[in-house]
1. Does the stretch B:224-233 contain any residue that is touching a helix residue (DSSP H, G or I) at 6+ places or on another chain (Cβ under 9 Å) and over 27 Å from B:Met157 (Cα atoms)?
2. Just checking, does the stretch A:99-116 include any residue being touching a Gly at 6+ places or on another chain (Cβ under 9 Å), in a loop (DSSP other than H, G, I, E, B), more than 20 Å from A:Pro159 (Cβ to Cβ) and within 13 Å of another protein chain (Cβ to nearest Cβ)?
3. So which residues in the stretch A:161-193 are modelled with pLDDT under 85, hydrophobic (A, V, I, L, M, F, W, C) and within 11 Å of the chain's Cα centre (by Cα)?
4. Which is within 14 Å of chain A (Cβ to nearest Cβ) and surrounded by fewer than 19 Cβ atoms within 10 Å (Cβ to Cβ), of B:Arg193, B:Arg247, B:Arg217, B:Arg223?
5. Report yes if A:Leu119 is surrounded by fewer than 23 Cβ atoms within 10 Å (Cβ to Cβ) and either within 11 Å of chain B (Cβ to nearest Cβ) or out of contact with any strand residue (DSSP E or B) (no Cβ under 8 Å at 6 or more places or on another chain) (or both), otherwise no.
6. Take A:Glu170 and tell me if it is within 14 Å of chain B (Cβ to nearest Cβ), surrounded by fewer than 21 Cβ atoms within 10 Å (Cβ to Cβ) and within 27 Å of A:Ile2 (Cα to Cα).
7. Starting from residues that are part of a strand (DSSP E or B) and not aliphatic (A, V, I, L, M), keep the ones in the stretch A:182-226 and report whichever is surrounded by the fewest Cβ atoms within 10 Å (Cβ to Cβ).
8. For the stretch A:82-97, what are the residues that are under 31 Å from the mean Cα position of the chain (by Cα) and either at the interface with another protein chain (Cβ under 8 Å from one of its Cβ atoms) or of a type in the set (Ser, Thr, Tyr) (or both)?
Amino acid sequence: MITVENLVKDFGPKRAVNRVSFTVKKGEILGFLGPNGAGKSTTMRMITGFIPPTSGRVVVGGHDVNEDPIPAKRLIGYLPESAPCYSDMTVHGFLSFAAEIRGLHGSAKEEAVRKAVGLCFLESVLHQSVDTLSKGFRHRTCLAQSIIHDPEVLVLDEPTDGLDPNQKHEIRQLLKRFGQNKAIIFSTHILEEVDAVCSRAVIIDRGHVVANGTPAELRARHDLAGSVSLRVQGVGAEAVRDRLAGLGIAGKVTVSSEAGSVLARVLPRDRTISGDLARAVAELAGREGWRFDELKTEEGRLDEVFRTITQPDSRRPAE
Amino acid sequence: MNSESCRTIWTIAKRELVGYFNSPVAYVFIVIFLLLNGFFTFMLGNYFLRGEANLNAFLMWHPWLYLFLVPAAGMRLWSEERRVGTLELLLTMPIAAWQAIVGKFLACWAFIGMALLLTFPVVITTSYLGDPDLGAMISGYVGSFLLAGAYLAVTVMTSAMTRNQVISFILSVVICFFLILAGWEPVTDLMVRWAPDWLVSTVASFSVMPHFMQFQRGVIDLRDLLFFGSVITFCLFCTSVVLRGLRGA
């Protein structure tokens, strides 16, 4: 549905987006991650045709966004970063305008407005002027605008920004539901959102795509992913380490003792068989008669992965 | 232009007009416009002392009245979209930029036209007191409306250049002021001493005044229509260039 090929955008001498490529298929929800200023919004603006790329191209539903913008834009629903709305209109007036400009008129328009209002929980403010709305309502009004024509492609720039936890939850549920038959790209800073909603995530840093995979694949890039930790009571740390290191499939073993218990972490020798490692450790503990009260496999943490592959400003090498 | 384009332009113009009347801008503008028109026509224009059955005492002020009121009405058209960020929304809709430009321009022009029509009492007064030439009155109104359109097109252009409404206002007042003064004798005399003839006549030909005067006399000349038409087209075209530049940078 969405194909991004070698997208480049220069602002003066600064390259904001550098050779970004990815695709989003129907039924996929792509989470777009990255530190502030990484080029997320710029990329989304190029996908929606707001700004032209310096080079590269974006194809939406078979239409090149730059060459053939109007058919491509018909397929897209877009929520810009600041969720702008015409503040001199009522919610109903604003959504009617959005529907009309998308070519919906008469009863089809009313039906589309009614549906979008229902999905975004706007019934209570329908005839209120946009500039009297709270941030959450204004945000959802703009979101309603983006889904009013039931688009095949949704591009949402930080759809949950500025919402309270309940509203965030509602929007995530909405995205999941839409994700079944649409192609969705949304950007976020919130990593648990990626786990909760996305079928795939792309991490972008300083204009480059630095990771592209399912949330599980990204988590597996964590150094400790696949390791097994074990907390044992009443056994010496040395003994625990020696025994664990003796396991055939164990790699590096670290132990630390605290308040009478020993915490051991075993890395697998080969990451692809980490499932077997936990069982092997449990069997070993059973054979040795260790009393353990914790045994778990580390799945890898997205925030750690995010931190290691995107560098904060202060640690960036001079360019 | 196909029917779909017309529909899009109408949708945009309608939104803009609704926006005007949902805010106090429209009412303030109309009231001030009518008050100033009355004041200028009857007090400064000495309408009653003239003893002429025409609208000259009324129309002669319009270039000056519009100089401030038209930029005030149009300054927000694009600068507000830029400031609030709705520009991003508008230009990612399945519409062409020119449709949005024309729609917004027409909405504001129609609004000024409405205010102009509300000056009808001056026509009634003139008809009651004397026996005016109806054709000349109509052509005077047409000229005034076209003049407002030319100023408005300038304002649309300046308002696309900045997200600050005040800057947009000042720029358009300055440009419109130039359009008034360009053919004025003290200005052309100033240039005659050093500038070649062709430059003097080029600058003078930018003036709206001779064209506007023709309408006041009751003459609707194709050349005058073309003049206002080309000022409007040129400024709206410049607006599209400015908007394209914004998105490129």
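The values are calculated or read from the model by the stated rules, or taken from the named source; none is laboratory data. Everything numeric in this text was worked out from a predicted model, so none of it was measured. Note that we place each Cβ from the backbone using ideal geometry, even for glycine, and neighbour counts take in every protein chain shown.
1. For the stretch B:224-233, residues touching a helix residue (DSSP H, G or I) at 6+ places or on another chain (Cβ under 9 Å) and over 27 Å from B:Met157 (Cα atoms): absent.
2. Scanning the stretch A:99-116 turns up no residue that is touching a Gly at 6+ places or on another chain (Cβ under 9 Å), in a loop (DSSP other than H, G, I, E, B), more than 20 Å from A:Pro159 (Cβ to Cβ) and within 13 Å of another protein chain (Cβ to nearest Cβ).
3. Hits for the stretch A:161-193 are A:Ile190, A:Leu191.
4. Only one candidate qualifies: B:Arg247.
5. Yes; evaluated as a whole, the condition is true for this residue.
6. It is false that A:Glu170 is within 14 Å of chain B (Cβ to nearest Cβ), surrounded by fewer than 21 Cβ atoms within 10 Å (Cβ to Cβ) and within 27 Å of A:Ile2 (Cα to Cα).
7. Restricting to residues being part of a strand (DSSP E or B) and not aliphatic (A, V, I, L, M), the top hit is A:Gly213.
8. Result: A:Ser82, A:Pro84, A:Cys85, A:Tyr86, A:Ser87, A:Ser96, A:Phe97.
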